[in-house]
Amino acid sequence: VNYDRVRPVPVILLGPGKVGRSLLDRILRRRDVLAQKDGLRLDLVAVDDGSACVLADEGRPLDAARLRAICDAKSDGRPLRGLFGAGPSGAWRSPDRLRGYSVRPIVVDSSAAENSAALLEARALGWRLVLANKSPLCGSLGSFRLLTAPGAAWEATVAAALPVVAVLTQLLAADDPPLQIRACVSGTLGFVASRLAEGVPLSHIVVEADALGYVEPDPRADLSGMDSARKALILARMMGLELDLDAVAVEGLYPAEWDGLSARDFLDRLPAQDAGLSGRAAAVAMSGRVLRYVITIEEGQVRAGLEDLAPTDALARAPASDSIVVMRSKVFDAQPLVLSGRGGGPAGTASCVYGDLVALARELRR
Ligand SMILES: NC(=O)c1ccc[n+]([C@@H]2O[C@H](COP(=O)([O-])OP(=O)(O)OC[C@H]3O[C@@H](n4cnc5c(N)ncnc54)[C@H](OP(=O)(O)O)[C@@H]3O)[C@@H](O)[C@H]2O)c1
C-alpha cells in the first residue's frame with residue numbers, strides 16, 4: 001500500500017470501553033484494506049476515558065503500540081490518568097494536535113457519559129460525529145437537532161448493528177414515514193421476559209444474566225426500561241416528534257423509588273419483585289401468549305413496557321434476545337417492514353460504528 005497517496009483523517013475516541021476497544025482493534029486490522037479500497041487512513045489523535053486524555057504528539061498519530069497499551073490498561077480496569085503523561089480529560093478539544101491535517105476530525109463517542117456540551121462545541125467547529133452513546137441524543141431537542149445535523153452518524157445508538165437508523169432515514173427521505181414502529185431493542189429484557197415465562201424468578205434471572213455478561217454492573221440500566229426508552233426517543237425524534245425523555249411512558253421492572261438505592265441494596269431488595277412478575281408471566285404463558293418488552297411509537301406517542309403478544313406477532317416469533325423492529329407505513333401497510341437479528345455486543349456494535357466512521361471519512365476524500 002502506498003501510504004503517501006492516502007488521505008489521513010484525524011479521529012478522536014471518547015470512551016475506550018468494550019465497544020471503543022473493539023473499534024480500535026478493527027481500525028488497526030482494517031488499515032491496509034481501507035487504504036487500498038478507499039484511499040483513507042484513520043489516525044487516532046486522542047483517546048479520552050473521562051479521567052484523562054491521551055494525546056498524539058503533534059503531527060504523529062497514536063501508533064499501534066500506544067493504542068494497544070491504552071486497550072490493555074482499560075481492559076485491566078485502569079484509568080488513562082497517569083498513562084504516557086496523559087493530559088486532562090477534555091484536552092482532545094485542543095486544536096494543535098490537528099496541525100498538519102487538511103481535514104477536520106471525526107469524534108467517536110462510545111462512552112455512556114452525558115457529553116452533550118463538548119460534542120456541541122465540536123459540531124460548532126464543523127467536526128464530524130459518530131455516536132454509540134445514546135445519552136447526547138436524549139437531552140434537549142435543540143441539541144438533538146444540532147448533533148444529528150449532516151456530518152453525524154448514530155446507527156449504533158438504536159439496536160446496535162441492526163441498520164434501523166439507515167432504514168428509517170430512507171423511509172423519511174422517501175416521504176413514507178412510519179405510521180407505527182413496534183420493536184424489541186433490549187437483548188437483556190428479551191432474555192428476562194423469556195426466562196420469566198419459563199417460571200424463573202426475576203432475582204434469579206438477573207444473577208444468570210450477569211454470569212452470561214448480559215447486564216451492566218448495575219442491572220437497573222436495563223431493568224428500568226430507560227435504555228429501551230432512549231432508543232425509542234431517538235427514533236421518535238428522527239420522525240419529527242418534538243418529545244423529551246420524560247414524555248415517554250416507561251414501565252420499569254421495579255419501583256422507581258429504588259433508583260435511589262445503592263447497587264447492593266437494590267439487588268438485596270429485588271426478590272420482593274419476584275412474586276408479582278412471575279404471576280404475571282405465568283398468566284400470560286397460560287393464555288398461550290408471549291411476554292416481551294416492547295417499545296411503541298404511534299400517533300405521536302411513545303411507550304416502553306411489558307406486553308403480552310399473540311404468538312403470531314412478529315415480535316413474539318423472533319428469538320427473545322434478538323432485536324426486532326417492525327415498521328408500518330403507507331408503502332409497508334399490509335406487510336410491515338421487519339428488521340431483525342442479533343448484531344449487539346461490543347464487536348457487532350464496533351463494526352457498526354466503524355461503518356459510520358468510514359462513511360463520514362469517505363465524504364472527506366480528495
Ligand atoms: N456494548 C454494546 O453491545 C452496546 C451496543 C450498542 C450501544 N452501546 C453503547 O456504547 C457505549 C459504550 O458501551 P460499552 O459496552 O463499551 O461500555 P463500557 O465498556 O462501560 O465503556 C464505556 C467507556 O467510557 C469511558 N468513560 C466514562 N466516562 C467518560 C467520559 N466522561 N468521557 C469519555 N469516556 C468516558 C469508560 O471509562 P471507565 O471504564 O474508566 O469508566 C469506559 O472506557 C454505551 O453508551 C452503550 O450504551 C453499547
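Since every read-out is calculated from the coordinates, none of them should be taken as a lab result. Since this is a predicted model, take the numbers as computed values, not measurements. Here the Cβ positions follow ideal geometry from the backbone for every residue, glycine too, while neighbour counts run over all protein chains shown.
Specify which residue in the list LEU360, PRO255, VAL302 is farthest towards the positive end of the charge dipole of the stretch 252-366, using unit charges on the beta carbon of Lys, Arg (+1) and Asp, Glu (-1), about the Cα centre.
Final value for the positive-end residue is LEU360.
Could you tell me which of rounded, prolate or oblate describes the chain, using a ≥ b ≥ c as the square roots of the eigenvalues of the alpha-carbon gyration tensor, with rounded for a/c under 1.5 and, failing that, prolate when a/b is larger than b/c and oblate otherwise?
prolate
I need the per residue convex hull volume for the stretch 58-117, using only the alpha carbons, in cubic angstrom as a whole number.
Here the figure is 118 Å³ per residue.
Rounded, prolate or oblate: which fits the stretch 74-209, taking a ≥ b ≥ c as square roots of the Cα gyration tensor eigenvalues, rounded meaning a/c under 1.5, else prolate when a/b beats b/c?
oblate
Return a single number: how many Lys pairs in the chain, at a sequence separation of 8 or more or on separate chains, have alpha-carbon atoms below 23 angstrom apart.
5
Select from ALA91, PRO177, LEU337 the residue farthest towards the positive end of the dipole of the chain; place +1 on Cβ of Lys and Arg, -1 on Cβ of Asp and Glu, and compute about the Cα centre.
ALA91
In Å, what Kirkwood hydrodynamic radius results for the stretch 136-245 from the alpha-carbon pair distances?
With all distinct Cα pairs of the stretch 136-245 included, I get 15.5 Å.
Positive end of the dipole of the chain, charges at C-beta (+1 Lys, Arg; -1 Asp, Glu), about the Cα centre: which of VAL9, VAL200, SER140 has its Cα farthest in that direction?
Of the listed residues, the answer is VAL9.
As an exercise, identify the GluC sites (Glu not before Pro) in the stretch 254-355 lying in DSSP coil whose Cβ has no more than 13 other Cβ atoms within 10 Å.
GLU299
Can you tell me what share of the DSSP beta bridges in the chain is antiparallel? A percent to the nearest 5 is fine.
Restricted to the chain, the bridges split so that about 60 percent are antiparallel.
With all distinct Cα pairs included, what does the Kirkwood hydrodynamic radius of the stretch 1-58 come out to in Å, to one decimal, could you say?
The answer is 12.2 Å.
What shape does the stretch 67-152 have by the C-alpha gyration tensor, where a ≥ b ≥ c are the square roots of the eigenvalues, rounded means a/c under 1.5, and otherwise prolate means a/b greater than b/c and oblate the rest?
Here the stretch 67-152 falls in the oblate category.
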